[in-house]
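Shown next, in structure tokens, is the structure this report addresses.
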Amino acid sequence: MPESLLAVPELAAIVAVVMAFAKIIELLIMKAIPKKSTLTEEERDWMKSTHEILERCDVDGTPLAYVPRSWAEIQKEMQHAMTKIVGDQRRIADILERIDKKLN
């Protein structure tokens, strides 16, 4: 059997070099593209002022504003309630869809 022009090791090396060049080009393109924020100026200012308020401390180093530990429990309860509401809304949507199909 005659040897091929490109044996497996040479072909693998060529593929590796091409993939490396592709990755380098991708990185250069990503660096050239300016990063855009999804936040508006107003939202960015609000977040900045909120951060400044939460970072303030008195002379002893005690934070002037803080989130109590019980907040995590409240968030879990809110998440459970919202999940239940979404489930109920899906059931209502299914019922309305079935009613619409029967009317048509």
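The values are calculated or read from the model by the stated rules, or taken from the named source; none is laboratory data. Here the structure is a predicted model, which is why all the values come from computation and not from measurement. Cβ coordinates were reconstructed from backbone atoms using ideal geometry, including for glycine residues, and neighbour counts include every protein chain displayed.
Checked against the criterion of being in a helix (DSSP H, G or I) and exposed (fewer than 10 other Cβ atoms within 10 Å of the Cβ), the candidates 36, 31 yield just one match: 31. In this structure, is residue 20 surrounded by 10 or more Cβ atoms within 10 Å (Cβ to Cβ) and of a type in the set (A, V, I, L, M)? Here the answer is yes, as residue 20 does meet what is asked.
Of all residues in the range 56-71, those satisfying the criterion of being of a type outside the set (A, V, I, L, M), at negative phi and out of contact with any Leu (no Cβ under 9 Å at 6 or more places or on another chain) are 60, 62, 68, 69, 70, 71. Within the range 82-89, none of the residues are within 22 Å of the chain's Cα centre (by Cα), of a type outside the set (S, T, N, Q) and at pLDDT below 85.
Do you know which residues across the range 34-67 are hydrophobic (A, V, I, L, M, F, W, C) and under 20 Å from the mean Cα position of the chain (by Cα)? Matches in the range 34-67: 39, 47.
The condition of being of a type outside the set (Lys, Arg) and modelled with pLDDT under 90 holds for only one of 96, 54, that being 54.
Looking at the structure I just gave you, is residue 52 exposed (fewer than 10 other Cβ atoms within 10 Å of the Cβ) and in a helix (DSSP H, G or I)? Show your work before the answer.
Working: exposed (fewer than 10 other Cβ atoms within 10 Å of the Cβ): yes; in a helix (DSSP H, G or I): yes.
Spelling it out, residue 52 is indeed exposed (fewer than 10 other Cβ atoms within 10 Å of the Cβ) and in a helix (DSSP H, G or I).
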